[in-house]
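Engineer: Have a look at the structure that comes next, please.
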Amino acid sequence: MEAYKNLAVSYDRLTNDVDYAAVVAFYEQILRCEGVNPRTAVDLACGTGSVSALLAKRGISVIGVDMSEDMLSVAYEKTRDLKNPPMFVRQKLQQLRLPRGVDLAVCALDSLDYITDPDDCAEAIRRVYKVLNPGGVFIFDVNTPEKLRAMDGQVWLDEDEDVYCIWRGEFDDATNICSYGMDLFQRRGNLWQRSFEEHREYAYSAAMLTDFLKQAGFTAIQVYGDRRMTPPDASDQRIYLKARKGKVK
């Protein structure tokens with residue numbers, strides 16, 4: 001079953017606690033340390049375009065990429081009136097192709113974890129390397145394996161006046177995948193519509209992702225704690241990675 005289909009119209013309501021501005025501010029902190037001032041960027045697995053919009057408001061020419069047509073429709077409506085609106089493209093990350101090179105690639109909210117085949121994840125990272133301009137920077141975050149394993153058997157509830165969502169987590173040690181089923185109830189006029197989605201995330205370690213980055217050709221690889229310019233510690237449930245494509249000599 002397709003994830004982020006019925007969820008798309010309610011996604012922003014259910015994730016209104018996500019501080020996208022802080023995420024983009026952390027990107028900017030990393031970029032300042034790297035001495036990079038990007039003019040162009042790709043927002044990978046852009047979802048409803050919240051990060052794309054913030055980057056575009058900073059004067060960056062943005063391409064948003066996602067495999068969900070429903071999420072991209074929301075992103076387009078959200079950003080269409082911006083002075084410098086992003087361009088949105090429907091693609092899988094492991095099939096990434098862009099019309100032009102970019103200075104910055106970002107991938108927010110553990111989106112790489114959704115690529116549950118490690119070979120596909122490695123290919124997606126190779127594709128990112130190819131679309132970056134020389135000297136370009138790739139920044140992304142993932143859930144830690146410890147966080148995903150701890151989701152096994154857990155139940156969460158999200159709700160507001162128009163949507164009610166129950167999540168149930170299950171971790172499979174054999175596949176290294178966390179699956180969480182989502183029962184979604186959305187108000188449609190005087191009625192409620194029920195739907196179900198299953199989301200699956202692979203528990204990638206920092207060492208595994210670092211190896212993928214090196215294989216793709218990236219250098220200057222660093223692993224950070226959750227929006228901190230220091231290495232992760234045991235309390236971090238999310239980590240960030242940064243890598244660069246070498247400059248032309």
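The values are calculated or read from the model by the stated rules, or taken from the named source; none is laboratory data. As the structure is a computational prediction, the values presented were derived from the model and not from experiment. For neighbour counting, all protein chains shown are included, and Cβ atoms are generated from backbone atoms with ideal geometry for every residue, glycine included. The area values use the complete protein model at the heavy-atom level, side chains included, leaving out ligands, DNA and RNA. Shrake-Rupley method; radii C 1.70, N 1.55, O 1.52, S 1.80 Å.
Engineer: Connecting C-alpha atoms closer than 10 Å in a GNM of the chain, tell me which of 219, 15, 144 has the biggest fluctuation.
Structural biologist: Looking only at 219, 15, 144, the biggest GNM fluctuation is shown by 15.
Engineer: Follow-up question, since we're still on this one. Of the heavy-atom accessible surface of the chain (probe 1.4 angstrom), what whole percent is carbon and sulfur?
Structural biologist: That share works out to 47 percent.
Engineer: At 0.36 nm per residue, and after removing the present C-alpha to C-alpha distance, how many nm does the segment from residue 188 to residue 97 gain when stretched out fully?
Structural biologist: 29.0 nm
Engineer: Same structure again: Which value at 222 nm does the chain reach when only helices count, each DSSP H run of 4 or more adding -39,500 (n - 2.57), with the total divided by all residues and rounded to the nearest 500 deg cm²/dmol?
Structural biologist: -8000 deg cm²/dmol
Engineer: Moving on to the next point. Say we join alpha carbon atoms closer than 10 Å with springs in a Gaussian network model of the chain; which of 44, 55, 31 then has the biggest fluctuation?
Structural biologist: Per the Cα network of the chain with a 10 Å cutoff, 31 tops the list.
Engineer: Please say if the range 4-118 is rounded, prolate or oblate, where rounded means a/c under 1.5 for a ≥ b ≥ c the square roots of the C-alpha gyration tensor eigenvalues, and otherwise the choice is prolate for a/b larger than b/c and oblate otherwise?
Structural biologist: Judged from the Cα gyration tensor, the range 4-118 comes out rounded (a/c under 1.5).
Engineer: Which FRET efficiency, nearest 0.05, do residue 117 and residue 228 yield, Cβ-Cβ r, R0 25 Å?
Structural biologist: 0.25
Engineer: For helix 20-34, report the angle its Cα long axis makes with the longest principal axis of the Cα atoms of the chain; keep it between 0 and 90° and round to the nearest 10°.
Structural biologist: Between helix and principal axis, roughly 10 degrees.
Engineer: Moving to a separate point now. For the range 166-249, what does the accessible surface come to per residue with a 1.4 Å probe? Please give it in Å².
Structural biologist: With all protein chains present, the range 166-249 gives 55 Å² per residue.
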